[in-house]
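Below: the structure, in structure tokens.
Bear in mind these aren't lab numbers, they're just calculated from the coordinates by the rules spelled out. On a predicted model such as this, the values are computed, not experimentally measured, just so you know. Neighbour counts are summed over all protein chains in view; Cβ atoms, including those assigned to glycine, are modelled from backbone coordinates with ideal geometry.
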Amino acid sequence: MSDETANVDLLKETYRRWSETRGENAEVFMDLADANIQFGSIPRGAAPLTFAKAYDCRDALREYFDGLHAGWTMVHYTIDEFIAQGDVVVARGTCAWKNRRTGKVAESPKVDFWRFRNGKAIEFYEYFDTAHVAAAAA
């Protein structure tokens with residue numbers, strides 16, 4: 001099995017478990033992350049998504065999942081496509097989250113960029129409709 005195939009298989013299983021637990025089990029991503037993962041998110045910490053920012057290690061990354069869970073509940077997280085080249089995998093799909101305070105649902109296209117080394121994620125960056133998500137939090 002090639003590294004590309006192995007990395008895609010890792011992500012398929014991780015996303016399956018993430019979706020199955022409706023986002024309540026952050027350990028599925030923590031287990032995948034290298035200790036020194038470089039993690040980024042398109043809002044870059046802008047309010048009201050202050051938790052969606054850059055992190056430079058797995059331990060600090062827990063803050064992302066704590067912030068996500070404090071404010072949002074998953075409606076669905078559906079990844080339909082995986083594109084792999086070398087140590088990179090791009091995952092594309094849609095997701096929807098309900099804001100706990102407002103009750104509004106934000107559904108957005110979702111693209112996740114991953115880079116792997118030795119079966120661990122060393123880099124991640126997520127892209128989604130930040131304006132729509134921020135509006136659901138207002």
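Kindly check whether there is at least one residue in the stretch 105-112 that is in contact with a strand residue (DSSP E or B) (Cβ under 6 Å, 6 or more places away or on another chain), among the charged types (D, E, K, R), surrounded by 18 or more Cβ atoms within 10 Å (Cβ to Cβ) and in a strand (DSSP E or B).
Within the stretch 105-112, one or more residues are in contact with a strand residue (DSSP E or B) (Cβ under 6 Å, 6 or more places away or on another chain), among the charged types (D, E, K, R), surrounded by 18 or more Cβ atoms within 10 Å (Cβ to Cβ) and in a strand (DSSP E or B).
Which of (1) in a strand (DSSP E or B); (2) without any contact (Cβ under 8 Å) to a residue 60 or more places away in the chain; (3) touching a helix residue (DSSP H, G or I) at 6+ places or on another chain (Cβ under 7 Å) does Thr102 not meet, given it meets every other one?
Thr102 satisfies all of (1) in a strand (DSSP E or B); (2) without any contact (Cβ under 8 Å) to a residue 60 or more places away in the chain; (3) touching a helix residue (DSSP H, G or I) at 6+ places or on another chain (Cβ under 7 Å) except (1).
Under the condition of being loosely packed, with under 14 Cβ neighbours inside 10 Å and in contact (Cβ under 8 Å) with a residue 40 or more places away in the chain, which residue from the stretch 36-46 is farthest from Ala136 (Cα to Cα)?
Filtering first and then ranking leaves Asn36.
I need the full set of residues from the stretch 14-27 which are under 14 Å from the mean Cα position of the chain (by Cα), outside any loop (DSSP other than H, G, I, E, B) and surrounded by fewer than 18 Cβ atoms within 10 Å (Cβ to Cβ), in order please.
Result: Arg16, Arg17, Ser19, Glu27.
Return yes when Thr94 is surrounded by fewer than 17 Cβ atoms within 10 Å (Cβ to Cβ) and either among the hydroxyl-bearing types (Ser, Thr, Tyr) or in contact with a Pro (Cβ under 9 Å, 6 or more places away or on another chain) (or both) and no when it is not. Steps first, please.
Numbers: surrounded by fewer than 17 Cβ atoms within 10 Å (Cβ to Cβ): yes; either among the hydroxyl-bearing types (Ser, Thr, Tyr) or in contact with a Pro (Cβ under 9 Å, 6 or more places away or on another chain) (or both): yes.
Yes.
Cβ contacts < 8 Å: first residue over 26 Å from Trp97 (Cβ atoms) and in contact (Cβ under 8 Å) with a residue 60 or more places away in the chain, restricted to the stretch 1-24; second residue buried (at least 18 other Cβ atoms within 10 Å of the Cβ) and not basic (Lys, Arg), any location; separation 6+ or different chain. Result?
Asp3/Phe116; Glu4/Ala84; Glu4/Val89; Thr5/Ala84
Within the stretch 101-138, track down each residue that is of a type in the set (A, V, I, L, M, F, W, C) and touching an Asp or Glu at 6+ places or on another chain (Cβ under 8 Å).
Ala106, Val111, Phe113, Trp114, Phe116, Ala121, Ile122, Phe124
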